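Here the structure is laid out as structure tokens; the discussion comes afterwards.
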Amino acid sequence: MSTALKRFVLMVCCAVGLACAGPETKTASFARPDEPGKTVYLASHGWHAGIVIRRADIPDGVWPEHRDLPDSVYLEVGWGDSDYYRTPDPHWGITFKAGLLPTASVLHIVGFSSSVSAYFPYSEIIEVRLSDPDFAELCHYIAASYFKDSAGNSVALGPGLYGDSRFYQSHETYHLFNNCNAWTDRALQTAGCPLKTAPVFTVEDLMARARTCGRVIQSQPSD
């Protein structure tokens, strides 16, 4: 998609979205360096951001789909419109359908074993340290986004966009007020990040808010 088209869609989203309020935040309980806790990362990809979690940190019995990538040290999680996310070069119709109409959604899970900054060398990366209970809440939030069939199994939809990755069907609906950055913002709020309740639409908004509850460990290179 061209930069101009992206900006136009963002302006439409933001103009309509000003009337929408976000979810209520909860009290944060971040782990200090000398306390038990888990570290997660937020990696910006220019249009959206992925949440990166160390796979071995996921509590037993939570998010069973993480076992589908057993050779990975880290999992990156993204969420978004099904057609747009799964189309390598989305055309105008898909773009506007994703922005203006309620549509089906997917989770995108990427497994990798290098360091987060090495795997995403061109991304701004924010490190967030969570208490064990808040980390578990984040994992529950991700697990709850999967669609489950009548037998209680998630539905894999094939390979993902890059690396060792795959798509899964989500039960949630994508629309203006529930876009990919809003989903990630709610994930951080669920994990205790004391973010503002104003709506989030752009990745720039998301990363700016995430900096208030984390530490930038890699800046996005300038053009």
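Side notes on the structure shown:
- Taking every residue in the stretch 50-65 that is over 13 Å from His140 (Cα atoms) and at pLDDT 95 or above and pairing it with any residue that is of a type outside the set (Ser, Thr, Tyr) and in a loop (DSSP other than H, G, I, E, B), at least 6 positions away or on another chain, the pairs with Cβ-Cβ distances below 8 Å are Arg54/Val73; Arg55/Leu69; Arg55/Val73; Ala56/Val73.
- For the stretch 126-179, a residue qualifies if it is closer than 19 Å to Pro70 by Cα, of a type in the set (A, V, I, L, M, F, W, C) and at pLDDT 95 or above, and the qualifying residues are Cys139, Ile142, Ala143, Val155, Ala156, Leu157, Phe167.
- Filtering Pro70, Pro121, Pro88 for residues that are within 19 Å of Gly46 (Cβ to Cβ), at pLDDT 90 or above and surrounded by fewer than 18 Cβ atoms within 10 Å (Cβ to Cβ) leaves a single hit, Pro121.
The values are calculated or read from the model by the stated rules, or taken from the named source; none is laboratory data. Just so we're clear, the structure is a prediction, and the values are computed from it rather than from any experiment. When we count neighbours, we look across all protein chains shown, and the Cβ atoms used for this are built from the backbone with ideal geometry, even at glycine.
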